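What follows is one structure encoded as structure tokens, with my remarks underneath.
The values are calculated or read from the model by the stated rules, or taken from the named source; none is laboratory data. This is a predicted model, so every value here is computed, not measured. Here the Cβ is made from the backbone with ideal geometry for all residues, glycine too, and neighbour counts use every protein chain on show. Accessible surface is based on the protein model in full, side chains and every heavy atom, while ligands, DNA and RNA are left aside. Shrake-Rupley method; radii C 1.70, N 1.55, O 1.52, S 1.80 Å.
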Amino acid sequence: MNERYARHSRISGWDQARLSASSVCIAGMGALGNEVSRLLVMAGVGRLIISDPDTVEESNLSRTLLFKPCDIGRMKVAAAADSLRLLFPSVEIDVRPEPLINGIGLAELRDADLVLGCLDSRSARLQLSSRCFLVGARLIDGGTHPWGGEVRLFLDPDGACYGCGFSPEERTQDDVPWSCMVPAMQSVEGAAAPSSALVGAWMASMAIRFLMDLSTPNNLLVADIPRGLTTVTTATRDPDCPYHHPAGTPRLLGTSAMDSVAALKAELGPATRIFAWDAIQYRAECPRDDFRASKWQRPSPSECPKCGSALRIRTTLDLSAAPDEAILRELGIAPRELLFATQGDQEEWVELR
Ligand SMILES: [Zn+2]
Ligand SMILES: [Zn+2]
């Protein structure tokens, strides 16, 4: 171990070699993602996969150490990766400038040592939690309030998931298709930079301890800055919650997400139906009926070239209906994704190479 970690190595139980062999997925590279990722990289975590579909805006700069004014307009993941490599050149970073569901495959979540949720909406958190519980991935999720925030630890695959905390009614409110075209323009709640730093430091501390096999709680921590309090609550698993069912053991394919639909069909057989997790656009049509275009891609809002109306987008989850030449990645299929396939009454899980 080199001089860089001299102070860490004096901490009882600290295992630098284990941290450098660890890989962590981080969903979201906003204020929390910035804090968490820089702390993990400074602690010497060896590999990160980071996803975020957004670009850096000027309003981000008050809370994000990794973004500089010259990064405005760049993808957040690219700007963050550059700064993280400056902090520690040996860190390996995979950037995914896409929403989690299109950017990080289920097998990647499963094989990561830990997943960190730095997201800003309930539906995104529910999606991340249910994907983690599908494959038994360990998750630490964080959220900020204007003055404080929460850290939720889902480190026990048999414990409560994020969805367990909601009533059946609240769950149905979140049952919007993940593919909803225009991400709901939720009013963005304010949060002070110190709140992000506080919650990010809690998350990173728990993450580092978990990666080194030191004790961690499996609880909800709430940090309340105005009252100077941190409260701990235990979540209980709801047997009726639909979000924590594991997927079956997948069959590993030779096809990867960089291959075409034809390659996938050739491997699974022409009669197999294969399902994507996120809706795929196959057609866009004008509500005034003067334009229609067939195009297989990730849903993308656009305007009618004839009259300027917003085009109505038709989508499907049936990946096997896509044209042979379409590339899986361009349809929104994440690298190393697990897919559900059926043939007659046979069902199976398959894993992209
Ligand atoms: Zn649950
Ligand atoms: Zn039109």
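Side notes on the structure shown:
- Residue that is nearest to ligand 1 (Cβ to nearest atom) [pool: residues in region 279-301 that are under 22 Å from Ala257 (Cα atoms) and open to solvent by less than 60 Å² (accessible area, probe 1.4 Å)]: Ala279
- Condition met for Glu330 (part of a loop (DSSP other than H, G, I, E, B), away from ligand 1 (no atom under 16 Å from the Cβ) and at pLDDT 95 or above): no
- Whichever residue in region 300-320 is modelled with pLDDT under 95 and more than 16 Å from ligand 2 (Cβ to nearest atom) and, among such residues, is farthest from Trp277 (Cα to Cα): Ser300
- Of the residues making up region 1-29, those that are assigned to a loop (DSSP other than H, G, I, E, B), open to solvent by 20 Å² or more (accessible area, probe 1.4 Å) and in contact (Cβ under 8 Å) with a residue 24 or more places away in the chain are Gly13, Trp14, Asp15, Ala21.
- Applying the set (1) under 30 Å from Gly165 (Cβ atoms); (2) touching a helix residue (DSSP H, G or I) at 6+ places or on another chain (Cβ under 8 Å); (3) among the hydroxyl-bearing types (Ser, Thr, Tyr) to Ser260 leaves exactly one unmet item: (1).
- Residue match in region 50-69 (condition: crowded, with 24+ Cβ neighbours inside 10 Å and part of a strand (DSSP E or B)): yes
Yes or no, residue by residue, for (1) in contact with a helix residue (DSSP H, G or I) (Cβ under 6 Å, 6 or more places away or on another chain); (2) open to solvent by 60 Å² or more (accessible area, probe 1.4 Å):
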| residue | (1), (2) |
| --- | --- |
| Phe210 | no, no |
| Asp213 | no, yes |
| Pro217 | no, no |
| Ile225 | no, yes |
| Leu229 | no, yes |
| Ser256 | no, no |
| Ala271 | no, yes |
| Trp277 | yes, yes |
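- Residue match in region 302-313 (condition: outside any loop (DSSP other than H, G, I, E, B), more than 16 Å from ligand 1 (Cβ to nearest atom), in contact (Cβ under 8 Å) with a residue 40 or more places away in the chain and open to solvent by less than 60 Å² (accessible area, probe 1.4 Å)): yes
- Residue that is nearest to ligand 1 (Cβ to nearest atom) [pool: residues in region 225-272 that are part of a loop (DSSP other than H, G, I, E, B) and without any contact (Cβ under 8 Å) to a residue 60 or more places away in the chain]: Pro239
- If the condition is being within 16 Å of ligand 2 (Cβ to nearest atom) and part of a strand (DSSP E or B), then region 273-293 contributes Arg283, Ala284, Glu285, Arg292, Ala293.
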